[in-house]
Amino acid sequence: MDVLTPRSLEQALRLKAERPDAVPIQGGTDVMVELNFDRARPAALLNLNEVAELRGWSRQNGRVWLGSGLTYAEAMERPLAEALPALAEAARTVGGPQIRNRGTIGGNLGTASPAGDALPPLLVCGAEVKIASVRGERIVPLPDFVVGPKRNVLAEDELILGVSVGGTESRQTFMKVGPRNAMVIAVVSLAVRVDGDLRAAFGSAGPVPTLVRAGLGDVDSFPQRVAEAASPIDDVRGTASYRRHALRILTRRALDRCLV
Amino acid sequence: MTIIERQPLAHVGRSVPRRDAHEKLRGAAQFVGDFVVPRMVHGKVLRSPFAHARVVAVDASEAEALPGVVCVLTGDDLTDLDPYWGHAIKDRPIVALDHVRFAGEPVAAVAAEDEATAAAALNAIRVEYEELPVAGTIEQALADDAPILHEGPLRPGLFHGLGELPPREGNVCYRYRIDRGELESVFARADLIVEGEYSFPAVYQYAMETHTVVAQVEGEEITVWSTCQHPFLVRAELADLFAVPLASVRVVVPYLGGGFGSKSYTKMEPLTAALARKAGRPVRIQNRVDESMVTTRRHGMRCRMRTAMTNEGNLVARDVDCWFDTGAYADNGPRVTATGGDAAPGPYRWHAYRVDARCVYTNTGPAGSYRAFGAAHLQWIGESQIDELARRAGLDPLAVRRDNLCLPGEELRNGAKSLDADLIGDVEQAAAAVGWSEPKRANVGRGVSVGLLAAGAHPVSTAIVRLEADGQVVVLVGTTEVGQGPRTVFAQIAAEELGVDVEQVTVRGTDTRFTPYDRSTGASRSTTIAGLAVQRAARQVRDQLEEIAAGDPLEPTAYPELLRRHFGFTGGELIGSGEVAPTGTGSYAEGPVFWEVCVGAAEVEVDPETGVVRVRRTATVADVGRAINPQLVQRQDEGATLQGLGNALFEEMVFEDGQLLNDTLLDYRVPSFADLPNEMTCVIVENEDGPGPYGAKGCGEGALAAIPAAVVNALADVGVPMQELPLTPERVWRRIQTLKEEGKWPR
């Protein structure tokens, strides 16, 4: 297996064009699991850790830009955690400190898991994913970016540069239910934001993380609408009916928290 | 109550630092996985994908032809042996011969120059299977038309230790029955009866270090470096299996990275040794986590129980049927079943009881020992029935226990050792530690639980203490340092007896070629029994010193001078040996050597809308007779408490048609620090009523039986009685929905 380590974004895009079979890797918290369990044997890895352009975050025209290399640990630090509190809360529930130091937002988007912890907070904040290749750049709204369980719209020569999110400093929160208190794949997870309208996004309760919106007058019916928007399955972690019920409860509690 | 006058002790009773702390914290401690033996090659195991199948043909020719492959072991290589092993029942071939009984059963093994080549070679082995009907659960295994996993009579293993082995009945490989009194007439006269059906899940011990073995076979000489808790029992099984003298087998055990029973008895050693025998070179096999999960686990169990009480609060009768799922091979199932049977009545003054416990073969990975086995399975059930009776009678659960618990000296089981602990005092301390009488908020509940574990600590140990010419002391004892701290405790005991500093005493790992016999490291026996052997060995050295000193004062600083006086020049050493052997007839029936106390309390808060249970406070009682190292005692109780919370709240191996669905640590979750209770109390009780050194008796398992029971009782105190573990949010929420429909929630 080849490990390709570009030193700049330009190099990275060129390498990805030349070796479309190369699997991008940042922290490796998803990719290495696949390799260690022998579920994937990629011919090459594209190590993006040395690409400075993908790192960090910044404020841009009232929105926040998150580089694809932003780690969960960085998302928990102020002032970013104050700008995007739901993302910070979600990041706190991911793995242990070692995982949070390695795992990245870009990796969560690339894997596009229905249980991806960062995705619901990004969805409620109107995230737009910026994608690039040697052919150019394009911007895809997050709901259009994830197209199925572990599937996204990336072409084989494209890389995720980062996401732009709005809704900073709005009332927002993140919750999840799992049997254990942390470091657990959620039975169901939920982000809610109240800012001119009501927005909820859930994970682990459908093939893709899903966004639900309603007007501010619909507070009472919103929990039910969120539960109905879910299409959960039965698996070893929980049944569909419990997931739907838990979503309803979490939505009501999240609204209570945001509307105080 | 007798007033105990304590002799002043220098080292015993002090929390001296662990002797292995520096080595482990620096990463310098050696584990089996660190061992490299000259000419060593790497082994990988081909495991059955089917839960039950006939093996029609195994073709390894393509794999054997791969460059770097040394050999492939299949059933055809075992024709010169009786290839069946199993310390309780000899039911298990080294590799599958013509029949696989669980998904994950070894069918062949490859030895190759490196791990990657060995792994690649597994894919080149062609196996033809013919699938058979699967008995994946206890119910399926007991059905009239169930496939029978093992034909013919069962052969007892070397260490089944259970008297006459009853004949196999279908898939029931062992049955344990005890009773007292006229059961039906006592039930007929009782005022209140609680009955129910319960289930306990299969769970995984999850030692951080997986099973790892390096084996070398040279003629009759077999050497294994192994992650095993019981080196001497592994030695005996290997000698038996390969038909060589005991002394030809050498088992070397360094530090272990956790065990909890998962490394008790024989596991991967026969397969590794057979592969090394064929390879003609040393072979190393290291399990992955998913492989260790199908190597051993805790028994799942189904139980039907009823308990009777009078209106005045006198417990009178209990009736128990239970079925332990031992998987495809017995492993330690018979002992687990018997210990569960012994734990089922609980330490109460019954007029009558009846227990019928069965050990059942199913097409799942074999189940064996796990901390507090038997008691962990049954205590939560019996204790929850007592709380339910107390609620119906309008009595305080603590008062019911106070009125019915056996007292020290009372007989617990016919012919067995009488009670050697103050259980009433213990449970009162546990209750106080979780604020038993304090007011409670809504959705907060408290529970206590009391039980005893007939740990079955076999009373056979020997130890050697060497006093070197420079005054340093070396203890040779076959106890395995699994993390529980025996090397520290034995150093304290030897230091106490010889008057030296703890730092002057060295305790190393076991090498059966040099270390004297110790029966096993389990059943909380090491401090009590091996510790007694160490104490006796050290006293023998002290006796020799006194003789040499001939009346001169025995100052440790003068030991080198005394040795010089005795041997005439610098050199030589004094050797003391200590032995522990059963008194009386030595029968297990007179056991246990001590009853391990399983007393705890918990305070929980339930979120009725989601079913999430948060454990706020726990308390456990380490009734240890004498705490030789109080800090180690507390750490034992804390570890067992956390494992108990895992067993109670979220751990469960999920099988479908015999296939384990959650065989990774992503899907099978053990407790983390975030799951710690807000308050965790360990009360140490020291009544010096144990048979070990300084009045010590075993501890470290009891909390794992007590905590699930206390949590279940605390949840029932909120109004949510549960009959199935683990208490996942969904299961608790569903129970609350049922209670709502029945008009019983909120209470």
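The values are calculated or read from the model by the stated rules, or taken from the named source; none is laboratory data. Model, not experiment: these values are computed from the prediction. Cβ atoms come from the backbone with ideal geometry, glycine included; neighbour counts cover every protein chain shown.
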field: Of all residues in region B:665-701 being surrounded by fewer than 21 Cβ atoms within 10 Å (Cβ to Cβ) and part of a helix (DSSP H, G or I), the one that is farthest from the other protein chains (Cβ to nearest Cβ)
entry: B:GLY695
message: I'd like the residue in region B:602-625 that is closer than 28 Å to A:ARG253 by Cα and more than 14 Å from chain A (Cβ to nearest Cβ) and, out of all such residues, is surrounded by the most Cβ atoms within 10 Å (Cβ to Cβ).
response: B:ALA602
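Can you confirm whether B:GLY300 is small (Gly, Ala, Ser) and farther than 18 Å from B:GLN205 by Cβ?
On the way: small (Gly, Ala, Ser): yes; farther than 18 Å from B:GLN205 by Cβ: no.
Against the criterion (small (Gly, Ala, Ser) and farther than 18 Å from B:GLN205 by Cβ), B:GLY300 does not qualify.
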task: Name every residue in region A:70-84 that is touching a residue at least 60 places away in the same chain (Cβ under 8 Å) and buried (at least 21 other Cβ atoms within 10 Å of the Cβ), in order of residue number.
output: A:LEU70, A:LEU84
Residue satisfying all of: in region A:238-260; more than 30 Å from B:THR664 (Cβ to Cβ) and in contact (Cβ under 8 Å) with a residue 40 or more places away in the chain; nearest to the other protein chains (Cβ to nearest Cβ) among these: A:ARG253
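Only one residue in B:ALA714, B:ALA705 is of a type in the set (A, V, I, L, M), touching a Ser or Thr at 6+ places or on another chain (Cβ under 9 Å) and either farther than 30 Å from B:HIS11 by Cα or not assigned by TED's automatic domain parsing to the domain that holds B:LYS417 (or both), so which one is that? Outline the logic, then answer.
Working: B:ALA714 fails: touching a Ser or Thr at 6+ places or on another chain (Cβ under 9 Å).
Sole residue among the options that is of a type in the set (A, V, I, L, M), touching a Ser or Thr at 6+ places or on another chain (Cβ under 9 Å) and either farther than 30 Å from B:HIS11 by Cα or not assigned by TED's automatic domain parsing to the domain that holds B:LYS417 (or both): B:ALA705.
Considering each of B:ALA112, B:ALA124, B:ALA108 in turn, give the residue that is crowded, with 24+ Cβ neighbours inside 10 Å, in contact with a helix residue (DSSP H, G or I) (Cβ under 7 Å, 6 or more places away or on another chain) and touching a residue at least 12 places away in the same chain (Cβ under 8 Å). Even if it seems obvious, please write down each step before you answer.
Numbers: B:ALA124 fails: crowded, with 24+ Cβ neighbours inside 10 Å; B:ALA108 fails: in contact with a helix residue (DSSP H, G or I) (Cβ under 7 Å, 6 or more places away or on another chain).
None of the others qualify; the one that does is B:ALA112.
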query: Here are some conditions: (1) in contact with an Asp or Glu (Cβ under 6 Å, 6 or more places away or on another chain); (2) on the phi > 0 side of the Ramachandran plot. B:ILE138 meets all but one. Which one does it not meet?
result: (2)
query: Any residue at all in region A:41-56 that is in a helix (DSSP H, G or I), surrounded by 13 or more Cβ atoms within 10 Å (Cβ to Cβ) and at pLDDT 95 or above?
result: yes
- prompt: Failed condition for A:ASP144, given (1) touching a residue at least 12 places away in the same chain (Cβ under 8 Å); (2) more than 14 Å from chain B (Cβ to nearest Cβ); (3) at negative phi, with all others met?
  reply: (1)
Selection count, region B:626-649, where residues are more than 14 Å from chain A (Cβ to nearest Cβ) and in contact with a Leu (Cβ under 7 Å, 6 or more places away or on another chain): 2
field: Matching entry among A:ARG225, A:ARG199 (being over 21 Å from the mean Cα position of the chain (by Cα), buried (at least 16 other Cβ atoms within 10 Å of the Cβ) and over 24 Å from B:THR728 (Cβ atoms))
entry: A:ARG225
field: Test set (1) within 14 Å of chain B (Cβ to nearest Cβ); (2) at pLDDT 95 or above - A:ILE160 fails condition number
entry: (1)
field: Restricting region B:504-514 to residues that are crowded, with 17+ Cβ neighbours inside 10 Å and out of contact with any helix residue (DSSP H, G or I) (no Cβ under 8 Å at 6 or more places or on another chain), the residue that is modelled with the lowest pLDDT
entry: B:GLY509
message: Residues to consider are B:GLY152, B:GLY163, B:GLY170, B:GLY196; find the one that is free of Cβ contacts under 8 Å to residues at least 40 places away in the same chain and under 28 Å from the mean Cα position of the chain (by Cα).
response: B:GLY170
query: Going by the structure shown, is A:ARG244 modelled with pLDDT of 90 or more, buried (at least 18 other Cβ atoms within 10 Å of the Cβ) and part of a strand (DSSP E or B)?
result: no
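Condition check ((1) among the small types (Gly, Ala, Ser); (2) in contact with a Cys (Cβ under 9 Å, 6 or more places away or on another chain); (3) at negative phi; (4) not in a loop (DSSP other than H, G, I, E, B)) across all residues:
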{"site": "A:TRP65", "(1), (2), (3), (4)": "no, no, yes, yes"}
{"site": "A:GLU77", "(1), (2), (3), (4)": "no, no, yes, no"}
{"site": "A:LEU87", "(1), (2), (3), (4)": "no, yes, yes, yes"}
{"site": "A:ALA90", "(1), (2), (3), (4)": "yes, no, yes, yes"}
- line: Scanning region A:208-237 residue by residue, those outside any loop (DSSP other than H, G, I, E, B), within 14 Å of chain B (Cβ to nearest Cβ) and either aliphatic (A, V, I, L, M) or in contact with a Ser or Thr (Cβ under 8 Å, 6 or more places away or on another chain) (or both) turn out to be A:PRO223, A:ALA227
- prompt: So which of A:GLY28, A:GLY67 ends up being surrounded by 13 or more Cβ atoms within 10 Å (Cβ to Cβ) and either within 14 Å of chain B (Cβ to nearest Cβ) or in contact with a Gly (Cβ under 6 Å, 6 or more places away or on another chain) (or both)?
  reply: A:GLY67
query: Name the residues in region B:650-664 that are at the interface with another protein chain (Cβ under 10 Å from one of its Cβ atoms) and surrounded by fewer than 18 Cβ atoms within 10 Å (Cβ to Cβ), would you?
result: B:VAL654, B:GLU656, B:LEU661, B:THR664
- prompt: Quick one: A:TYR72 ticks every box in (1) modelled with pLDDT of 95 or more; (2) more than 21 Å from A:GLY178 (Cα to Cα) bar one, so which box is it?
  reply: (2)
